[in-house]
Amino acid sequence: MVWNKLAPKYDHFVTFTKDPLLRKFQKAEKRTLFSLISREANNDNLILIEIGCGTSRLLFRLIKSKTYKKNALKIKFIIGIDDSDSMYTISSYEKDKQMRNKKFPNDIKSKLKILKVNAGEWKKLEKKIKNNVGSKNYKNCKKIVFCILNTLGIMHPNERKKVIYSMAKIAGNNGILFISTFNAGMFKSYAPRIYDEIKDITGFFDDNSFDSINNDFISRDYYYSHWFNFNEIKDDLNEYVNGKINTRLLNDIGIITVARIEKLIDKKENKWSFYFTRPPELDHKNSISSPKTAYNKYQKKKGF
Ligand SMILES: C[S@@+](CC[C@H](N)C(=O)[O-])C[C@H]1O[C@@H](n2cnc3c(N)ncnc32)[C@H](O)[C@@H]1O
């Protein structure tokens, strides 16, 4: 899987990107999500779930933030979901390391769960989350399920549909979805700049890698990313969510979709039966990193 290979380099490139617009976007994305969390914590006990959390860099930021400090009593669980072995290893390693840091909030040990599971398989995902938080908490807490930094864009379209559906099922009635994607309107002008900066991650690409009709990028190493039209996520969600779905541009480059689910619309599951695995081309080359190699490389990057 492409993300096993990328895991050790990922944080470095994303966090330390030199691109001013991408940096600004990431700050705005974090601010927008954290203020949503603060607002909701005024009224409800929360379970926060990040889909495709990667190395959990955002979750660790949240834990160290004023947003967490202020709302610690209301935030009952923070859950990171990722199905890449290497990302999971790095997240777990980071969690263990942070737990040894005295400044890290004490209560986090039991609240932070990092779970390795495919987010597109909602029954397995739900079971895993329930096992970790307890059925009572799962039922009684409001769930905010979020997916940031165009993570939905890097999924194969079939898998993406399954993951969006799964996010809605996990959030459930009264739950909230927060989805941040890249804006197709900026694909032509901006995508070449972004991918040029992270070519160490994407691998070789040229002009043919940019499909500006479908707003898709694919490198020779099969790093794939789709950029979204303004209402693309909203239209997908409308198929199975009754409620308020708001969409807005964020710093031109991003689109934020927030859905407040009033009631889920039942969907015939068998319609989804073909949305299961990653397409073979995205699995191609497999992982060059075993979890252990990823872990060692990560330590080196961080200067241990
Ligand atoms: C672009 S990275 C984003 C990481 C993180 N959200 C961040 O902002 O740093 C995408 C992550 O999604 C994960 N991912 C992709 N498809 C997934 C799926 N179906 N289930 C769970 N994780 C998935 C990948 O393993 C990868 O770690």
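Some observations on this one:
- Theoretical FRET efficiency, 1/(1+(r/R0)^6), r = Cβ-Cβ of Asn229 and Asn45, R0 30 Å, to 0.05: 0.25
- Rounded to the nearest 20 debye, the dipole magnitude of segment 158-251 is 480 debye, with +1 charges on Lys and Arg beta carbons, -1 on Asp and Glu beta carbons, and the Cα centre as origin.
- Cα-based shape type of segment 20-154, given that a ≥ b ≥ c are square roots of the gyration tensor eigenvalues and the cut on a/c is 1.5: rounded
- Segment 182-254 and segment 65-105 have their alpha-carbon centroids 28 Å apart.
- Charging the Cβ of each Asp and Glu at -1 and of each Lys and Arg at +1, and nothing else, the dipole of segment 2-302 about its Cα centre rounds to 1920 debye.
- Mean separation of Cα contacts under 8 Å, 6 or more apart, over the residue count of segment 145-239: relative contact order %: 33 percent
- At q = 0.15, 0.16, 0.20, 0.22 Å⁻¹, base-10 log of I(q)/I(0) for segment 107-235 (Debye sum, equal scatterers on each alpha carbon): -0.80, -0.87, -1.12, -1.25
- Shape call, segment 2-302: gyration tensor on alpha carbons, a/c limit 1.5: rounded
- Aspartates and glutamates whose Cα lies under 19 Å from that of Lys103, excluding same-chain neighbours fewer than 8 positions away: Glu94
- In segment 2-302, a dipole from Cβ-located charges (positive for Lys and Arg, negative for Asp and Glu) runs towards its positive end, and of Gly203, Ile79, Met155 it is Ile79 whose Cα lies farthest in that direction.
- P(r), alpha carbons of segment 145-186 - 10 Å bins starting at zero, rounded %: 28, 53, 17, 1
- Projecting label points 7 angstrom from Cα along Cα→Cβ for Asn208 and Asn106 puts them 6.2 nm apart.
- Each Cα pair under 8 Å and six or more residues apart adds its sequence gap; the mean of these over the residue count of segment 2-302 is a relative contact order of 23 percent.
- Per-bin percent of Cα-Cα distances, segment 116-159 [5 Å]: 5, 18, 23, 25, 15, 10, 4
- Value of D in µm² per second that Stokes-Einstein yields for segment 29-83, Kirkwood Rh from Cα pairs, at 20 °C (1.002 mPa s): 189 µm²/s
- Aspartates and glutamates whose Cα lies under 20 Å from that of Lys128, excluding same-chain neighbours fewer than 8 positions away: Glu50, Asp82, Asp83, Asp85, Glu159, Glu269
- For segment 133-178, the dipole from Cβ point charges (+1 on Lys and Arg, -1 on Asp and Glu) about the Cα centre works out to 200 debye, to the nearest 20.
- Arg193/Ser135 FRET efficiency (R0 35 Å; Cβ-Cβ; nearest 0.05): 0.15
- Using a simple spin-label model with pseudo-atoms 7 Å out from Cα toward Cβ, Asn238 and Lys24 lie 3.1 nm apart.
- Entries of Lys74/Lys97; Lys66/Lys139; Lys76/Lys143 with Cα pairs more than 18 Å apart: Lys74/Lys97; Lys66/Lys139
Values quoted throughout were computed directly from the atomic coordinates according to the rules given, and no laboratory measurement underlies them. Note that this is a predicted model, so its numbers are computed, not measured. A quick note on method: Cβ atoms are made from the backbone with ideal geometry, for glycine too, and the neighbour counts reach across all protein chains shown.
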